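Notes to accompany the following structure.
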Amino acid sequence: MRIQLDTIAYTNHLRHISPGQKLLFGLGMLAFVLLSHTPAHVVVFVWMSVWIVGYAKVPVRIYMSLIGAIGVFLALSLPPIMVEISRHSPAEPTIFHFVAGTWYIYVSVKGVKAAGILLLRSLSSVSCLYFILLTIPFTEMLAVLRRIGIPEILTDLLLVMYRFVFVFLETIGQLWTAQQARGGGQGFTGKMRDAGRLVTRLFTRTLQRYQQLSVGLAARGFEGELRVISHVPVSVSKRYATEAIIGFMLLVTFEWWTGR
Amino acid sequence: MKKKRILSGIGVILLFALYFVWNEPQTAYAMHIMEGFLPVKWAVFWWIVFLPFFLLGLRSLTKLTKEKPETKLLLGLAGAFTFVLSALKIPSVTGSSSHPTGTGLGAVLFGPLVMTVLGTLVLLFQALLLAHGGLTTLGANAFSMAIVGPFVAYAVYRAIIPTGRQRLAIFMAAALADMATYIVTSLQLALAFPAASGGIAASFMKFAGIFAVTQVPLAISEGLLTVLVWNWLVAY
Amino acid sequence: MEDVTYTYPGSAESALDGITMRIPKGKRCALLGHNGCGKSTLFLHMNGIYRPHSGALKWNKELYTYSRASLAELRRRVGLVFQDPEQQLIASTVAEDISYGLCNAGISESEAVRKVQDALTRFGLDDLQERPVHHLSLGQKKRVALAGVMVLRPELLLLDEPTAYLDRLHTDRLLEELEAIHREEGTTMLMATHDIDLAYEWSDWVFVMHQGRLVMEGTPDEVFAKREMLAEMRLGVPLLFDVWDALAPSLLPDATERPRTALELKSRLERYVIDNKRKMG
Amino acid sequence: MEDVTYTYPGSAESALDGITMRIPKGKRCALLGHNGCGKSTLFLHMNGIYRPHSGALKWNKELYTYSRASLAELRRRVGLVFQDPEQQLIASTVAEDISYGLCNAGISESEAVRKVQDALTRFGLDDLQERPVHHLSLGQKKRVALAGVMVLRPELLLLDEPTAYLDRLHTDRLLEELEAIHREEGTTMLMATHDIDLAYEWSDWVFVMHQGRLVMEGTPDEVFAKREMLAEMRLGVPLLFDVWDALAPSLLPDATERPRTALELKSRLERYVIDNKRKMG
């Protein structure tokens, strides 16, 4: 089984640019989004989309569906922020309101505005996150983490996890297929038992894997360290670096201009 | 006038019903606060609250793996296992599918401090491989899922186990860990977005009320599932 | 009557590329091809797990409808044995696993218990019934997987590389069991394999798949006679077939039937030698 | 010089029951036996992962000492390729994984990078080096596992069922690679398998294990000539061997050497047919 985002990260057109450069850029933009205001958010979203679709050559259709999924979720998270419930009739201008018993339920103009601002901020930070996810393969991210001095225990755990996440996804997919092929998944109790069996089988398989892996790695000279030599592209692209820096400076100016 | 009020009441109910039907498939995200959703001061605040626990967990982990290097492999596999569980759809009491968190079972098996580190790494994977949650909101999400969840599960399990009712202990541990996670998430959102009238308390009621529709059945489902798994594991 | 027609122009990965095939009822069929040629994908289509992007599948001239009830019915009729039994065994003990399909088919408990007992006896698993699945050997796991499928008495049995990784002892046992099933219940069988010697020895009808297409079908003699095509796909030709082709034209010009096993070849040759000596003498 | 003597009276499961064997240096050896006869356990002893309950192992006449340093040294000299590549691949990309053993051996980084590059080229993995392991096919994973072991240039290479689950195309490729390694580096090889046809075609020396004991050893011709013993263990006889035995006494009474591959058999038979015709004519 494959995870779409992971697969794209290995085939995107910015793959051979130094992951450090891309990570720095992505995180920098993310921090900028959190500190800036709405007009800048819109510009960041558009600019990051250009990086992702234009430079990294992620198919537009895939990118749109990724953003769409997040958008739907965000839209669904907004009503609790917009809707106000009060015992008193609203003091501020409202878009509409109901009276239910002694309760007033209303949506205020201010609330909608706040939700809109939040939506744009989220979307633009998600586009920064997607830039990181779609252009930096996990292995290279791990190499960067090692280099900046993240404790070894964490990088080792991440290495083992990353390797076996896919093995287990495969296993769970196969077990699920087998359950379907044998007529499983009928009714709530049936589904519940099937899910329970899946988890149980996966658990025993995990323990088996642990035994196998200890032996397999011992045979390769494992003594507590999981050191490998990562081949990480180091080419820092001047062209992209220039655009990133100039763009960032323009954005800061823009933010200063509009944010006053 | 009265008639109109009743009609509008029904309208509201219908609207909410529709909203929950829509919201249901999105429960995958519901326990996570999305990237960029929290204002910067709250994002930083939760990172600061989260870090001491994480570092404590890390310290106990380092000690553990120094003594027995193979533990590293076991924990890595356990992390992968938890991640895969969180990507698994389980049937929910309300009918459609939902996602288990696995923190309850993990805390009972490995202890809460270890689970804190593992849970955080699982959240990091969800952010990096699936774009669930985010990097700036990792502190807040890890606090609710990887710290509060496991500690509640562990405490509940320890509290009930002396009564000898193991299944109940497992069920409550898993279900209450889920509930605690969702309550903390609601609180985090309420703190960040206080209501115009009624402030934080009113806002908390709104978030908790809405999440309750999806998260309470899910917590019960996860509790049941964990008991089923536990039964099979104990039997063999 | 068995009648599966199936067309499916390739997806992005084009696992199956416009395949049309018809499985003859009551025959033992072999499906030959390399790893990744689409054999497993085809099986998952026949079992109704995957739906074709285009084209359609039929069962007894009736189209697959993919409604819940018809799928449940279909999966009772078409049994699928996976290559890796780890993948197929779901429950924790042998008896429980065999009962899994029965429970899903909604058979009453007393009936199910009886059937499970029958199956246990039938496949020589009586002693193992309470054993947890992860304590079994590979050969035993494969037997349990087969029992769990056969207990539903499917009309078509799909076997994905059933002998993969089994030693000869267990391969022989498995083939004997399949033989018995075929003899007693007349189940139609379709076995995916890349072992051409096995396919030659065992099957009545051979399909050859290559890169998602069905490239050949026919009786074993017909298919293996097309040496060039097989060589091109690097599938090879059964050893016995090769030997016979080298010998027969000159030694036994009037021989019509090919030997299918080493034993058969041996006895034929011995007869020939004796005949020859008599002629000479 | 290669000299492993090894005795180990059985544990509770008696996986190995007093085995004494000596692996001839520079030879390609096959270790035959059913699944679960103790082949894998034996390998894990040779690699120093398990310690015998009694008896001892020697390397070049020196006893295994099981100290940390000597174990590390031993594991560099004795490379072990597992049946399931998932078991020994740990890093996330091909190049990283191959470097893992080198890092453990404490080789300097620049040297290691060079060796990894060599190994990538050697095993035709250049195009895959940045590919994550989970995007590889089974055959590719096996190749990476082999490369990760061979990069340390072991003197003895242990292969546990290397052809399991591979189709003929990939089996052929793997055998070609082993052949090249053997030719160029003279590595001693010991391959556990239950594929007797493969063992017959490939090996210079054959060991047969049964229920934790070493029951036979010798050249392939010697071992496979003991049909009764092989039949008793239900290991069977290579098909080629069988066919040849059926043919040779009557057709080619003066033939001394047996053919080892189907191709060889075929050309021998063709020559015979031509000779025969000439005689007749």
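The values are calculated or read from the model by the stated rules, or taken from the named source; none is laboratory data. Quick caveat, the model's predicted, so the values are computed rather than measured. In this analysis, Cβ positions are derived from the backbone assuming ideal geometry, glycine residues included, and neighbour counts consider all displayed protein chains. Just the protein is used for accessible areas: all its heavy atoms, side chains included, with ligands, DNA and RNA removed. Shrake-Rupley method; radii C 1.70, N 1.55, O 1.52, S 1.80 Å.
Structure data summary
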{"read-out": "Subset of region D:65-81 [within 9 Å of another protein chain (Cβ to nearest Cβ) and assigned to a helix (DSSP H, G or I)]", "value": "D:ARG68, D:LEU71, D:ALA72, D:ARG75, D:ARG76"}
{"read-out": "Some residue of region A:2-17 being within 12 Å of chain B (Cβ to nearest Cβ), β-branched (Val, Ile, Thr) and outside any helix (DSSP H, G or I)", "value": "yes"}
{"read-out": "Subset of region D:1-35 [at pLDDT below 65, open to solvent by less than 40 Å² (accessible area, probe 1.4 Å) and either of a type in the set (D, E, K, R) or assigned to a loop (DSSP other than H, G, I, E, B) (or both)]", "value": "D:GLU2, D:ASP3, D:VAL4, D:TYR8, D:GLY10, D:SER11"}
{"read-out": "Which numbered condition C:ARG51 fails, given (1) under 13 Å from C:LEU16 (Cα atoms); (2) open to solvent by 30 Å² or more (accessible area, probe 1.4 Å); (3) touching a residue at least 40 places away in the same chain (Cβ under 8 Å); (4) charged (D, E, K, R)", "value": "(3)"}
{"read-out": "Qualifying helices (runs of 4 or more DSSP H) (wholly inside region A:148-260; at least 2 residues being touching a Gly at 6+ places or on another chain (Cβ under 8 Å))", "value": "A:152-181, A:187-219"}
{"read-out": "Flag for C:PHE241 being open to solvent by less than 70 Å² (accessible area, probe 1.4 Å), hydrophobic (A, V, I, L, M, F, W, C), at pLDDT 75 or above and assigned to a helix (DSSP H, G or I)", "value": "yes"}
{"read-out": "Residue check, C:VAL113 farther than 20 Å from C:ASP172 by Cα, among the aliphatic types (A, V, I, L, M), open to solvent by 20 Å² or more (accessible area, probe 1.4 Å) and at pLDDT 85 or above", "value": "yes"}
{"read-out": "Test: residue in region A:55-77 that is over 35 Å from the mean Cα position of the chain (by Cα) and surrounded by fewer than 18 Cβ atoms within 10 Å (Cβ to Cβ)", "value": "no"}
{"read-out": "In region B:215-224, the residues that are open to solvent by 10 Å² or more (accessible area, probe 1.4 Å) and in contact (Cβ under 8 Å) with a residue 40 or more places away in the chain", "value": "B:PRO217, B:ILE220, B:LEU224"}
{"read-out": "So A:VAL33, is it open to solvent by less than 20 Å² (accessible area, probe 1.4 Å) and in a loop (DSSP other than H, G, I, E, B)", "value": "no"}
{"read-out": "Flag for D:ALA105 being open to solvent by less than 10 Å² (accessible area, probe 1.4 Å) and facing another protein chain (nearest Cβ under 9 Å)", "value": "no"}
{"read-out": "C:ASP84 within 8 Å of another protein chain (Cβ to nearest Cβ), open to solvent by 40 Å² or more (accessible area, probe 1.4 Å) and either at pLDDT 85 or above or touching a helix residue (DSSP H, G or I) at 6+ places or on another chain (Cβ under 8 Å) (or both)", "value": "yes"}
{"read-out": "Cross-chain or 6+ apart pairs with Cβ under 8 Å, region A:225-244 first and facing chain D (nearest Cβ under 10 Å), then open to solvent by 80 Å² or more (accessible area, probe 1.4 Å) and in a loop (DSSP other than H, G, I, E, B)", "value": "A:PRO233/A:HIS16"}
{"read-out": "Tally, over region C:88-129, of residues that are in contact (Cβ under 8 Å) with a residue 40 or more places away in the chain and assigned to a loop (DSSP other than H, G, I, E, B)", "value": "5"}
{"read-out": "Residue count for region C:251-271, restricted to those that are at pLDDT 70 or above, under 18 Å from D:GLU270 (Cα atoms) and either in contact with a Ser or Thr (Cβ under 8 Å, 6 or more places away or on another chain) or exposed (fewer than 14 other Cβ atoms within 10 Å of the Cβ) (or both)", "value": "1"}
{"read-out": "Filtered residues of region A:194-221 (kept if over 14 Å from B:PHE81 (Cα atoms), more than 7 Å from every other protein chain (Cβ to nearest Cβ) and open to solvent by 20 Å² or more (accessible area, probe 1.4 Å))", "value": "A:GLN211"}
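For (1) more than 13 Å from every other protein chain (Cβ to nearest Cβ); (2) open to solvent by 20 Å² or more (accessible area, probe 1.4 Å), each residue gets a yes or a no:
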site	(1), (2)
C:GLN140	no, yes
C:VAL144	no, no
C:PRO154	no, no
C:GLU161	no, no
C:ALA164	no, no
C:ARG173	no, yes
C:ILE181	yes, no
C:ALA192	no, no
